[in-house]
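Student: Would you mind keeping the following structure in view while I ask a few things?
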Amino acid sequence: MAETDELAVRIEQAATSIAGLARQAEPEGVRYALAGVPFAVVAGDRAAFRLRPDVAEAALQMPDVHASPRGPGWVELAPATLDRFALDRAMSWFAAAARYAAEANPGRRTH
């Protein structure tokens, strides 16, 4: 698996366990949403996540992370190298973003 695809492949694998998840292809990548609430956009070796404000603020202190132009609470991870630490952050933030989206729609479960 090419490193430029590994992040997208790993997130897609995690996405298969989330009930009610919707995927939509966008020019920027694949958008993931729950009940119409987008929570992640992934393209190759880059990913944007919509996180709770306190989590997003902490995420911005991590390497290779910046505020996303998608709006408040969105952070973008663009690791120079997809090492195990960057992959761990991406997978954790994907799960956290899915939970946050589900909170916007009580009754939705993320697994």
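Quick note: the coordinates plus some simple rules give every number you see, no bench work behind them. These numbers were taken from a predicted model, which means no experiment stands behind them. Note that we place each Cβ from the backbone using ideal geometry, even for glycine, and neighbour counts take in every protein chain shown.
Student: Can you give me the distance in nm between label points at A80 and L60, each placed 7 Å from the Cα along the Cα-to-Cβ direction?
Tutor: Going by the 7 Å Cα→Cβ label model, 2.2 nm.
Student: Give a residue-ordered list of calculated ³J(HN,Hα) values for the stretch 60-65 (Karplus: 6.51 cos²θ - 1.76 cosθ + 1.60, θ = phi - 60°; whole Hz; x for Gly, Pro).
Tutor: 5, 8, 8, x, 6, 10
Student: Based on DSSP H runs of at least 4 residues, each adding -39500 (n - 2.57), what is the mean residue ellipticity at 222 nm of the chain after dividing by all its residues, to the nearest 500 deg cm²/dmol?
Tutor: Estimated from H runs of four or more residues: -11500 deg cm²/dmol.
Student: Simple spin-label model, 7 Å along Cα-to-Cβ: Q24 to E6 in nm?
Tutor: 3.1
Student: Sort F94, F49, F39, F85 so that the residue with the fewest other Cβ atoms within 10 Å of its own Cβ comes first and the one with the most comes last.
Tutor: Lowest to highest Cβ neighbour count: F85, F94, F39, F49.
Student: Determine the relative contact order of the chain: mean sequence separation of Cα pairs under 8 Å and six or more apart, normalised by residue count, in whole percent.
Tutor: Computed value for the chain: 28 percent relative contact order.
Student: Charges only on Cβ, +1 for Lys and Arg, -1 for Asp and Glu: so what's the dipole of the chain about the Cα centre, in debye to the nearest 20?
Tutor: 520
Student: Arranged by the count of other C-beta atoms within 10 angstrom, fewest first, what order do D64, D88 take?
Tutor: The fewest-first ordering by Cβ neighbours comes to D88, D64.
Student: Among V42, Q61, A97, whose Cα lies farthest out toward the positive end of the dipole of the chain, if unit charges sit on the beta carbon of Lys, Arg (+1) and Asp, Glu (-1)?
Tutor: After comparing all options, I get A97.
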